[in-house]
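What follows draws every value from the coordinates through simple rules; no lab data is involved. As the structure is a computational prediction, the values presented were derived from the model and not from experiment. Cβ placement follows ideal geometry from the backbone for every residue including glycine, while neighbour counts extend to all protein chains displayed.
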Amino acid sequence: MISEMKKFIISKNELKKILAGIVAENIKLIAPVSRDNAFFLEEVSDAEKIAWDYSNVVKPVKEHIFPMREVLLDFGRGTDPPALDEPEARSSGKEKNPAGNMPPVKEQVIFGLRPCDARSLLVLDKPFLQEKYVDSYYKERREKTTLIAMACLNPEKTCLCSSFENGGPFSSAGSDVLCVQTGQDEFLVEILSEKGEKIFKNPSFAQPSGEVLKKLENLKADSEAKICKALKVPENLRELFEAGTWETESLSCIACGICRYLSATCYCFNITDEFEQRLRYWIPCSFKNYTKMTSGEISREKKSARFKHWYFHKFSYHKDNFGEYLCVGCGRCIKYCPVKIDFTEVLGKIGNSKQEQ
Amino acid sequence: MKIGVFVCHCGTNISAVIDVQKVVNDLAKMPGVFAMDYKFMCSDPGQNMIISEIKQKKLDAVIVAACSPCLHELTFRNTLIRGGLNPYMLEIANIREQDSWVHTDRDKATEKAVRLAKMAVAKAKRNQPLFPQEVSVEKSCLVIGGGIAGIQAAIDISSAGYQTVIVEKEPSIGGKMAMFDKTFPTLDCSACILTPKMVQASQSKKVKIYTYSEVEEIGGYVGNFNARIRVKARSVNMEKCTGCGICWQKCPVKVNSEFEQNLGPRKAVYVPFAQAVPNVPVIDCVNCTYYRSKRQNPESKGLCRICEKFCPAGAIEFDQKDKIIEEKFGAVIVATGFSAFDHKVYGEYGAGRYKDVVTALQFERLLNSSGPTQGKILRPSDSKEARTIVFVQCVGSRDESKGVPYCSRVCCMYTAKQALLLKEHIPDANAYVFYIDIRAAGKNYEEFIERVQDEYGVLYLRGRVSKIYRTGDGALLVRGADTLSGTQVEISADMVVLATGLVSNPETVKLGQMIGIPYDKNRFFTESHPKLAPAETQTAGVFICGACQFPKDIPDSVAQAGAAASKVLGLFSQEHLMLEPVLACVNQKICNGCFHCRAVCPYNAIDEEILKDKSVVARVIESKCHGCGNCISACPVSAVDLKGYTNEQILEQLQSLR
Amino acid sequence: MKELIDKAKELLKEKKVETVIGYREIRGCVVPAYVDSPCDADCLIFDKRCVYNLANYLKWFKNKNVALVLKGCDAKSINVWLQEFQIKRENIFIIGVECYGVMNEKSADAGLSDKCGHCEAHVPNIYDAVIKHQGDKKESVQGEPFKDIQEFEKLPHDERWDFWKKQFEKCIKCYACREICPMCYCKECIVERNIPQWIMSSPSVKGNFEWNMVRAFHLAGRCVECGECERACPVNIPLMKLNKKLIKEMKELFDYSAGQKEDVKSAIDDFYPEKDIKIDDKMIR
Amino acid sequence: MEEKKEKNGFEPRLVGILCRWCSYQGADLAGTSRLKYEPNMTVLRVPCSARMSPLFLMKGLTSDIDGILFSGCHPGDCHYISGNMNARRRFVIFKKLLEFAGMEPERIQMSWCSASEDKKWADIVDSVTIEVKKTGPNNKFK
């Protein structure tokens, strides 16, 4: 239940003024930007450049909490460390952050992400912030990030966020502030956490009238109606490991890295040393060399085995370890797959395939 | 990995411009690197110092920052062997030829020396011990060119018991020397000293002579060359022919003889000169009436065939075909000689319009008793005796504008000899020599010139000939200057002899590219080192001698022929040859079998191999690979690498400049 | 499409091939189809939406005998494969399809993709059977093929650099462009080599620039301009612009275009001392 | 445009990759004949110009070297018969690709320089240094 007190109506330019205020306080503002008819969450210096009419950004928000390439350690030879050309800029300075001799992370506010991405961070918190093994790099960035989500008014036909219990185009799980565009120039903003409080410091804006609340309800209803895909994971998935249909389903897959990288919740990474820096960067389990051991032996060499592993990690192993599926239904893996493989269909086919001995 | 860097002062050659101490200090700062310097690293104490450091500090690799690797790479490799290290763990930073000698700014040169040394260290870190490959040696030598140099080399090699093959383009061996009348300074009759050598070569069991034939292709490498020789059809059966000469007496066709420098005739079937070896004629298909008629209509029986009728031994074979001979050789000696400069480019000397302006070679033929005029000196235009002859020096030599900047070394001497022989034939003839400087730098050469001037009264005029006119009565008016007396001189002469310079054989470029040996801008073959290795080339197993390396007189040609022969004998005396281990090797786990490497390999040293999992991959044939690295740049996944210059090393070298 | 289905059934009945790889339509979009038995060959279709280059799937069918439904531009890749000894011609049965342009998925109006604008391989140049084209045979020739390349070349070099730097910054190194391209069949790509590390594997400006340059260079004289890499790229990097530049250069300098014949040496490995005179000597001192 | 570093203060870092049979000998000959030229170029010796894979061009320019020169034998003189011809094609294609991507053409050069052309070698080094000095430092990957 959204408590009355924390909700209010705000116009577009006021929202832009607040965002400009964030940039003024030397906090990094990340917002969706349009580039070659695709949208990306990028650092934005002035609020004008923000894109408003987009279904979802290409790269999920995990990109800003668990970056594609992160320098863990820098053992430069005394001369100033070679250029850190990472996607997001770092504060210059030489001070060391707790994790190693890397400069600390800047405060950042991510605006305009979708509820499914916001929820994906909740899912990712589980593996990264377990009590025994806390990933300090992730933890530092996660604490310094404020999420302002924008509710989905018209989800795409590849979205299936409503198949998850706290999912849905208007779900507020995981985000600090949820905005809903109720009118052409009217936003219903709802504060959900103290971090959100800090952004909208003096809520001197008008309270939402009953009529706006009703408009919110039916916006929510017909947005949920637009979602036509549903996830149905077969219960006996573990026994279906040997099913022959994995082989035929994986035939058209080309084993690229798109569904792994663009999935909002995939988090596998590789660590290597380059130019006196220890780096951590994403690596997809679809590549042959993902399971290459020092002996040169590759355990999952066949394409169908690698294809199958992705399903089992998301819908079987992760559920056993952390109690929920490693998926938020953002639908990117369906939308961007070059050969248009739809994992919900594959799960359906695997589900009703008989258990071959 | 412990690396030792030894920086050389080279006396003051390096230390004059480069602050050697700073280089040593900078290098010593690098992890795992020990650096020191010494005045003369290549000297014995220098090398012993390296050896003791290797043993004492247990070094794994040695860097010598000194002169160019082309000079002392071998010396320092042997030092490493004596020090107990693999010779290929050596890297040389060239801080003399490419640093101290070419830069003046002291600290920039020092900084460059540090960069060069650091690059060498980066490469040495990735060096692997390499072991030269043993390869068998084919104990037979190919001599290209049958002039005096080629003959002398063949005689020296065959006398040591090794098989030799001479390939000569002309119908007979002997080359240009066979054309000369006498030789300076001893005035020996040229044929008298040449023919014994030719006969000795032809009768030796160890020498095979292919005349009227050319080398078409040479492949392989030192110790294992394979050559394809095309023996052009002579249309005369070599075994049957006795050399009686009836055929060329009866032959009706008369053509200008190249051997006589177009002063005298020869027949369609001919032997270039009387003492030809082999003394077997050749039928010139271009001018022979039979072949011309056969070309008009191939079906007809063909005209003439007089030589076939009169030949007592029935040796004429009109349907003889070119023979292709494939043979294996261990070494190649190139002795293709020189050709005379074509003086027609000089307008002031008549540009070839005046018949009485002859070249020195033509005058040599006139002097020669077996020449077209049986030794009488007659003017080619009206064959009257020539009483006044003017010799013009440096025609086609020392002349930048005509593209021959060098001095041909022999013209002064042969002109003096020709002037002397003129005075011997016609005592009261008068000879004038226009010269720039007389170059007589051989044994008894200067005395010979003195004798020609004093005893025979040949008049030497220091100056160039500015113009040669043809006057009404057929005499030649030669106008020149005499700088010593400071006056213009005009001589009315019966004949003018141009001392044409020596230029390279026109086949040099084709032959050089076929064998893979470089030539310089005057198209003479480039020797391995101008001072220390004049008879060798950069390609192992290929040697050069005679005028094809640079114009030289007969004594030098013979001496260089002996040098080349001794190098070949040194090569043949080894049972096995050590081949450079810088070869390509394929990582067959990564190879896709796309064979881009085989497509670019100039030596097709890559063939297929089928692995256990039935995939076809590339394999380098070690003996054929020359280590050029073409396949590495062509391979998309760089599955193939070159030992000694691996990708990793070159990338490290590029990174070392960061 | 009846002809195509009959052909597939005939091949499968006579056991000439194990599988037929073609196109199939499910839930409104076209996906690659694998037909093993004659009875389910009815799903095969061919129309404007069949954009995939099915020759790419030979990577996983190397020494099995297989039938492929190939358009003109895709069939050229078979020529390059044969040129590089990757497959044996007798293992492959090529069902050539006469094609007059396929859809450009990324453009809003779903018009023809620009490779089809100047296509001259309506009928494949290598095939075992040809399926005639039913629809209208409009020859859509849109002017000079390399016009956009020439315009881009006229820009000053730092403007070009900024353009490409912004494009390469987007690259997430998912290697979809490599996995979808039939020419990238290497057992172990150069990107995965770490001794020596030619290309930084992490997605940084330097790493992405190196990756895209090496990938484009490896396609010099081999890219058959099927346009799959640009279609597969999730972040819309104009990869075909790089490839087209190389195709233009190979045409101009060595008048060689990829995939015409299979017994000729690839232009990048070849040389003619005289004919290379088109390389103006400004390039080499 | 970011402000160009003060031009004559900028000392370009150049790499010359020379084939050992022709260009390296030519460079040595320039040494023995005491010709003077700019000290910015560090020379790297490889067996043949064919060994110079174009990828070294890319790796050099991304590891902040300001200019790279490949130098080999004249067409026809190659010690390995056709090495320089293959190298020429690969170089030209890769240079056109890098130029297309926005790299200044002066940073990537190739030259034919035989064992006897010492004067030519000195001129090549000087003109490459001047050209790269004019184009400024290679800060594309900073």
Report task. Using Cα positions and a limit of under 18 Å, work out the lysines in reach of B:Lys254, with same-chain residues fewer than 8 apart set aside. Result -> B:Lys267
Report task. Kindly flag which residue pairs out of A:Lys139/C:Lys165; B:Lys39/D:Lys120; A:Lys16/C:Lys170; A:Lys28/A:Lys62; A:Lys16/A:Lys201 have an alpha-carbon separation exceeding 22 Å in this structure. Result -> A:Lys139/C:Lys165; B:Lys39/D:Lys120; A:Lys16/C:Lys170
Query raised in the report: What do the square roots of 5 times the Cα gyration tensor eigenvalues come to for segment B:313-447, in whole Å, largest first, as semi-axes of the equivalent ellipsoid?
Result: 33, 24, 18
Query raised in the report: Straight-line reach from B:Lys2: which lysines have a Cα under 17 Å away, not including same-chain ones fewer than 8 places off?
Result: B:Lys29, B:Lys55, B:Lys57, B:Lys58, B:Lys118, B:Lys123, B:Lys125
Query raised in the report: Across peptide A:54-61, what mean number of C-beta atoms from other chains lies inside 10 Å of a residue's C-beta?
Result: 1
Query raised in the report: Taking 0.36 nm per residue of separation and subtracting the Cα-Cα distance, what length does fully extending B:Lys309 through B:Arg82 add?
Result: 74.3 nm
Report summary line: quick shape note, chain B: Cα extents on principal axes in Å, largest first -> 89, 71, 41
Report summary line: So, with points 7 Å from each Cα along the Cβ direction, the C:Glu120-B:Gln588 label distance in nm works out to 4.3
**Report entry** Simple label model, 7 Å out from Cα along Cβ direction - B:Ala160 to C:Glu14, nm
**Finding:** 7.0
Query raised in the report: With r defined as the distance between the Cβ atoms of C:Glu144 and C:Arg285 and R0 fixed at 41 Å, what FRET efficiency is calculated, to the nearest 0.05?
Result: 0.80
Requested in this report: Place a +1 charge on the Cβ of each Lys and Arg in the protein assembly as shown and a -1 charge on the Cβ of each Asp and Glu, then give the dipole magnitude about the Cα centre in debye, rounded to the nearest 20.
Outcome: 1360
Report summary line: Mean per-residue count of partner chain Cβ within 10 Å for B:69-82 equals 1
Report summary line: Per the Kirkwood formula over distinct C-alpha pairs, the hydrodynamic radius of chain A in angstrom is 22.0
Query raised in the report: Between B:Lys321 and C:His133, what is the label-to-label distance in nm when each label sits 7 Å out along the Cα-to-Cβ direction?
Result: 5.4
Query raised in the report: If you stretched the chain out fully between A:Ser193 and A:Lys226, how much longer would it get, using 0.36 nm times the residue separation minus the C-alpha to C-alpha distance?
Result: 9.0 nm
**Report entry** Assigned charges on the beta-carbon of Lys, Arg, Asp, Glu; segment B:62-109 dipole about Cα centre (debye)
**Finding:** 180
**Report entry** Sites A:Asp273 and B:Glu648 - FRET efficiency at Förster radius 22 Å, r taken between beta-carbons, to 0.05
**Finding:** 0.90
Query raised in the report: Are any of the pairs A:Lys349/C:Lys59; B:Lys250/B:Lys355; C:Lys106/C:Lys241; C:Lys251/D:Lys95; A:Lys106/D:Lys140; C:Lys7/C:Lys137 more than 18 Å apart by Cα-Cα distance, and if so, which?
Result: A:Lys349/C:Lys59; B:Lys250/B:Lys355; A:Lys106/D:Lys140; C:Lys7/C:Lys137
Requested in this report: Excluding residues on the same chain fewer than 8 positions from C:Lys16, give the aspartates and glutamates whose Cα lies under 17 Å from its Cα.
Outcome: C:Asp6, C:Asp36, C:Asp40, C:Glu90, C:Asp128
Report summary line: Proxy exposure order for B:Cys407, A:Cys333, C:Cys39 (fewest C-beta within 10 Å first) is C:Cys39, B:Cys407, A:Cys333
Report task. Arrange the peptides B:329-339, A:149-159 so that the one whose residues have, on average, the most other Cβ atoms within 10 Å appears first. Result -> B:329-339, A:149-159
**Report entry** Residue among D:Phe91, D:Phe100, D:Phe70 with the largest mean-square fluctuation in a Gaussian network model of chain D, springs linking Cα atoms under 10 Å
**Finding:** D:Phe100
**Report entry** Unpartnered cysteines - no second Cys beta carbon under 4.7 Å - across chain A
**Finding:** A:Cys152, A:Cys159, A:Cys179, A:Cys228, A:Cys253, A:Cys256, A:Cys266, A:Cys268, A:Cys285, A:Cys327, A:Cys337
**Report entry** Shielding by partners, peptide D:26-32 (average Cβ within 10 angstrom, other chains)
**Finding:** 6
Query raised in the report: What does the charge dipole of segment B:269-394 about its Cα centre add up to, to the nearest 20 debye, if the Cβ of each Lys and Arg holds +1 and the Cβ of each Asp and Glu holds -1?
Result: 380
Requested in this report: Would you mind telling me which residue in A:Asn37, A:Asn26, A:Asn218 has the biggest mean-square fluctuation in a Gaussian network model of chain A, where springs connect alpha carbons within a distance under 10 angstrom?
Outcome: A:Asn37
Report task. For segment B:131-186 and segment A:8-27, compute the distance between their C-alpha centroids and round to whole Å. Result -> 95
Query - Length released on extending from B:Asp437 to B:Cys285, taking residue separation times 0.36 nm less the Cα-Cα span - result: 50.2 nm
Requested in this report: Project the alpha carbons of the protein assembly as shown onto their principal axes and report the range along each, largest first, in whole Å.
Outcome: 141, 79, 64
**Report entry** Taking B:Met30, B:Met578 and counting other C-beta atoms within 10 Å, the order from fewest to most
**Finding:** B:Met578, B:Met30
Query raised in the report: Sorted from fewest to most neighbouring beta carbons within 10 Å, what does the list B:Glu317, C:Glu159 look like?
Result: C:Glu159, B:Glu317
